[in-house]
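Notes follow the structure.
The values are calculated or read from the model by the stated rules, or taken from the named source; none is laboratory data. Here the structure is a predicted model, which means the values were calculated and not measured. Glycine gets a Cβ as well: all are built from the backbone with ideal geometry, and neighbour counts include every protein chain shown.
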Amino acid sequence: MKARLDHPTISRVKDGLDDIQLRATEYRGDTTLIADPKDIHRLLRFLRDDPECNYDLLCDVTAVDYLDYPATTIGRFAVVWILVNTETAVRIRAKTFLNPSLDTSGIEDDPALYVDSSTDIWEGAEWREREVFDMFGIHFKNHPDLRRILMWKDFPAFPLRKDYPLQGRGERTNFIEVKRDEA
């Protein structure tokens, strides 16, 4: 028997966005709304602008690589927005899944790894989306300044993808080793 989710936002989102297909999950008390990439921006705007939802604080934008994950997922990459209503302290996550159409071991620009930016909803999303782009190679359409933020401009990969080797691909071989007593 499937348990019924009782998060206060779910019924409001169902009523307000009845034309888009959503899924809701709960794990250890954390509720997540899952939408298609084409609908995620609309969901995020609704969660912020609807007076009953009022998720006015964007805590984080992050991503997950589900490569070789033992359970079935909708897509290999998930982009996750963690939101808070600051009046009630209620939290919710919004998630969308992306499936790459190209080999992900390189740095090729994959048209399947694009999702709408949320910087027009929360200005604070700018650096968080840049980090997701830098580490996972997920592009945010209409982002005002989408460029690397943690790695150098010409870094040849996306290091948080699970097909990136743990030891790197020789990017550090040109670094000068500084001994402790020489520093």
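Here are a few things to note about the model shown:
- A search for C-beta distances below 7 Å between a residue of the range 96-110 that is touching a residue at least 40 places away in the same chain (Cβ under 8 Å) and any residue that is assigned to a loop (DSSP other than H, G, I, E, B) and of a type in the set (A, V, I, L, M), counting only pairs 6+ apart in sequence or on different chains, returns 97/74; 98/112; 98/113; 98/138; 107/157.
- Close pairs (9 angstrom Cβ cut-off, 6 or more residues apart or separate chains): farther than 14 Å from residue 129 by Cβ and among the acidic types (Asp, Glu) in the range 76-90, surrounded by fewer than 16 Cβ atoms within 10 Å (Cβ to Cβ) and modelled with pLDDT of 95 or more anywhere: 87/56
- Hey, residue 34 surrounded by 12 or more Cβ atoms within 10 Å (Cβ to Cβ), touching a Cys at 6+ places or on another chain (Cβ under 7 Å) and within 29 Å of residue 104 (Cβ to Cβ) or not: no
- Filtering 109, 134 for residues that are of a type outside the set (A, V, I, L, M) and either touching a Pro at 6+ places or on another chain (Cβ under 8 Å) or modelled with pLDDT of 95 or more (or both) leaves a single hit, 134.
- Matching option when the condition is under 30 Å from residue 154 (Cβ atoms) and part of a strand (DSSP E or B), among 115, 84: 115
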